[in-house]
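In what follows, a single structure is set out as structure tokens and then discussed.
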Amino acid sequence: MEGLEVSKLKGYDLAINIRKIDNIDKLANNPDVEKIDIINGYVNIRLKQEYYKKIELNTDREHKVVAIEYPSVNPNKPWHIGHLRNAIIGESMYRILKLKYDKVERIDYIDDLGLQVAQSYWYYTKYGVSNEHDKFDHRVGIDYVKVNQMFQDNEHEIREILRQMEENNIARDFVDKVLDAQLETAKLYGIGADYRIYESDIKRDIFEVGLNKLKDLGYIEYIDNGDLKGTYVTKLGKKVIIRSDGTATYLGKDITFQMWKAGIIDGLKFIKKDNTWYSHNKGEFKNIKANIIINVIGIEQSSHQNEIKEIFKQIAPEVNYLHLAYQRVKLKQGHFSGRSGNWIGYTADDLYREALNRTNNHDLALASIKFFILKHNPKTEVIFDWDKALSTTGDSGVYVLYSYVRMLGLERNALVQPNLESLDDDDRELLKYLLMYKSSIDKAIRYLDPSVIAEYVLNIAESFNSYYSKHRISNNPSKLWVVNKIKILYEKMLNCLTIPIVSSI
RNA sequence: GGGCCUGUAGCUCAGUUUGGAUAGAGCGACGGCCUUCUAAGCCGUAGGUCGUGGGUUCAAAUCCCACCAGGCCCGCCA
């Protein structure tokens, strides 16, 4: 049954454009086919009901290693809704990828050497921490807004802090405190990581190796005159990788890290904590050797990502380097900005609290937030609106879970054993979704877009609810069998969307 | 100036990569449906120059070209 699409006509299961098939007789004689009819230029196929008995939810598996990076939030502020979008898209993509690839590793990058952290750490050592919130990441984030107003007058001191951080890693404990608070949010939303890698460890253990490799391979060159005198730049785009003072740019550090993911360079050590490998100077060597590298990063970094992609084409053409670009979440007033503090009141923690307020249920709160985020194509700009985000009707997470609980209710109240005796056209309408399983997963992976699955789930829910209101199910063996089949599919897809499976709401 | 993304119903969005059946949902509006498995639901009505103009094709929302509008990127910031 390869190459066929699902029929749009009731009473038929599969279809194919008549121009795209050369042997209709062969199709008609297929043992799984009950009958075919040509309607509106399409060969419509009705399958024998036995076909549905043996159908399984399988994908074509590939023996490849995938590294997916998200959400890599700067450790000096709480997650806001934009960070949450990144995290939820990443986690959902991870679950989807696992259906196809042997090994999928989630990587969270901790930028503990950035200017942002230096600013926050400078303020922290000088003035302590605000008490305007009970969570440490929020407190530091609120202070960060203040630092920004003080930055110009204190830039020299802050740059010196940054230098010391790079040299002696003096901010690591501070960063870890913020990170611990951020991870409470991650845990609340069910966002996990297999590796958490600190920039300071990258700098200490693999940076030199990476740059030497690039020099050896001839992909970067030294500039000895002009504006860029004293720097190393990429041969292709002439982007600076090492500054004239010998320090690395963001691009330089990033390329090194990506090279490590692919196993081109080695040397990072890790210790295990709560099922996650954390980079650490006193750990064991580990590597990933990814065949496919996916980075969940804002669309505004597209040219930067393309730069790395081009370099990868040269140094490791066998590695598939992909950018899952997502559009930022905006407020009506404009973009989120850590500096301006306009995220205050719009953190991931605030969103959860408000969702809980509206639904009075932990799982429904999570489902409504997650579904709202995932139903949008990542490239769609989302203008945040409380009522839309936390809607409990229509194409919402609540609707999606409500439908699932209905399925469970039918099983609970069953008066007979589920058993496929006969299928009517309405049963077939619902069972069609089983036929779409493989192509839906493939499409979500090909486009790097979990909204494909969100749409799929929503369509199943709509069809099921319609079916539910039309038929009495609990006393009908065939219909109970159909619902059970759909329920198994539905659970699998909810898991892909990271939406919790609940028994009642 | 160069590059990328977006433009589909009043609003928010699917559908565009692989051209193909009458362009689909949700919200909002209007009208129905709870003595029967969860009404956070279901059924129906109204609502479309698919940004504009060309081209390719038996066939274009989908492919090509030009243009218009909005957003983003192009730093020895990250």
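Points worth noting:
- Heavy atoms of the protein chains alone define the surface here; on that basis chain A has 45 Å² accessible area per residue at 1.4 Å probe size.
- Helix A:250-261 and the long axis of chain A differ in direction by around 50°, with both axes built from C-alpha atoms.
- Taking 0.36 nm per residue of sequence separation and removing the Cα-Cα distance, the A:Leu322/A:Ser504 pair yields an extension gain of 61.6 nm.
- Volume per residue of the convex hull around the Cα atoms, evaluated for segment A:129-261, comes out as 154 Å³.
- When only Cα pairs below 8 angstrom with a gap of at least 6 residues are kept, chain A shows a relative contact order of 16 percent.
- Basic side chains Lys and Arg get +1 at the Cβ, acidic Asp and Glu get -1 at the Cβ, and with that the dipole of segment A:322-454 about its Cα centre reaches some 720 debye.
- With respect to chain A, whose longest principal axis is taken over its alpha-carbon atoms, helix A:302-315 is tilted by about 90°.
- Angle in degrees between helix A:136-168 and the longest Cα principal axis of chain A, rounded to the nearest 10: 50 degrees
- Relative to the 2.2 N^0.38 Å rule of thumb, chain A has a C-alpha radius of gyration ratio of 1.13.
- Near the amide H of A:Gly230, within less than 5 Å, lie the amide hydrogens of A:Ile223, A:Asp224, A:Asn225, all on another chain or at least 5 residues away, with H placed in the peptide plane.
- Segment A:119-178-segment A:32-97 distance, computed between alpha-carbon centres (Å): 42 Å
- Test item: Cα-centred dipole of segment A:82-220, Lys/Arg +1 and Asp/Glu -1 on Cβ, debye: 540 debye
- log₁₀ of I(q)/I(0) at q = 0.13, 0.17, 0.18, 0.22 Å⁻¹ - segment A:1-129, Debye sum with one point per alpha carbon: -0.76, -0.94, -0.98, -1.15
- Sequence-distant residues sharing a close amide H with A:Tyr101 (under 5 Å, placed H): A:Glu62
- Of the solvent-accessible surface of chain A, computed with a 1.4 Å probe and all protein chains present, 44% belongs to carbon and sulfur.
- Part-to-part distance (alpha-carbon centres) for segment A:259-279 and segment A:345-375, which is given in Å: 33 Å
- Straightening the chain between A:Lys35 and A:Gln301 buys 90.5 nm, computed as 0.36 nm per residue apart minus the Cα-Cα spacing.
- Unit charges on C-beta of K, R, D, E only; dipole of chain A, Debye: 720 debye
- Extreme residue, positive dipole direction of chain A, given options A:Ile110, A:Ser503, A:Ile36 (C-beta unit charges): A:Ile36
- Compared with the direct C-alpha span, the chain from A:Lys10 to A:Val405 gains 139.5 nm at full extension, assuming 0.36 nm per residue.
The values are calculated or read from the model by the stated rules, or taken from the named source; none is laboratory data. Keep in mind that this is a model prediction, so the values were computed, not measured. Positions of Cβ are backbone-derived with ideal geometry, glycine not excepted, and every protein chain shown enters the neighbour counts. Keep in mind that these areas ignore ligands, DNA and RNA; they rest on the heavy atoms of the full protein, side chains included. Shrake-Rupley method; radii C 1.70, N 1.55, O 1.52, S 1.80 Å.
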